[in-house]
Amino acid sequence: MLAAGEKANILLVDDMPARLLTYEAILGSLDQNLVRAQSGEEALAKLLEMEVATILLDVSMPGMDGFETAAMIRGHPRSAQTPIIFVTACISPRSTACAATRWVPSITFRCR
């Protein structure tokens, strides 16, 4: 629990720096600590260093993808209950939906 006036850490995980900038532009008005990670491995390292209030996690990353990263996050007692918001470019809704059913019982995909 945060002390009065203390800012929450929000972990932003995406392999594309331009998307991280977009997330920061959108979430900047929340006036919280926005923490960047450019891979699943880097995100896991950040979680060992600090507590986070929520995680914005790209699904499709090279190496360790978002679902594999989420599984490892859930496997650690310290971060097991941390909310995760999955982000995807929705390249293949069918494959993303199949993988996502492990995490969310009912999910809606919107592709642009």
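The values are calculated or read from the model by the stated rules, or taken from the named source; none is laboratory data. For clarity, every value in this text was computed on a predicted model and none was experimentally measured. Neighbour counts are summed over all protein chains in view; Cβ atoms, including those assigned to glycine, are modelled from backbone coordinates with ideal geometry.
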- Message: Can you go through ALA70, ALA37 and tell me which one is under 12 Å from the mean Cα position of the chain (by Cα), modelled with pLDDT of 90 or more, of a type in the set (Gly, Ala, Ser) and closer than 20 Å to LYS7 by Cβ?
- Response: ALA37
- When restricted to GLU51, GLU41, the only residue surrounded by fewer than 16 Cβ atoms within 10 Å (Cβ to Cβ) and part of a helix (DSSP H, G or I) is GLU41
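For every residue, the table says whether it meets (1) crowded, with 16+ Cβ neighbours inside 10 Å; (2) at positive phi; (3) in contact (Cβ under 8 Å) with a residue 60 or more places away in the chain.
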site: ALA8; (1), (2), (3): no, no, no
site: ALA25; (1), (2), (3): no, no, no
site: ALA37; (1), (2), (3): yes, no, no
site: ASP58; (1), (2), (3): yes, no, no
site: GLY63; (1), (2), (3): no, yes, no
site: ALA70; (1), (2), (3): yes, no, no
site: ARG78; (1), (2), (3): no, no, no
- Of (1) under 11 Å from the mean Cα position of the chain (by Cα); (2) modelled with pLDDT under 95, GLY5 satisfies all except one. Which? (1)
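A quick yes/no check of all residues on (1) modelled with pLDDT of 90 or more; (2) touching a helix residue (DSSP H, G or I) at 6+ places or on another chain (Cβ under 7 Å); (3) of a type in the set (A, V, I, L, M, F, W, C):
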| position | (1), (2), (3) |
| --- | --- |
| VAL52 | yes, no, yes |
| PRO83 | yes, no, no |
| VAL87 | no, no, yes |
| PRO105 | no, no, no |
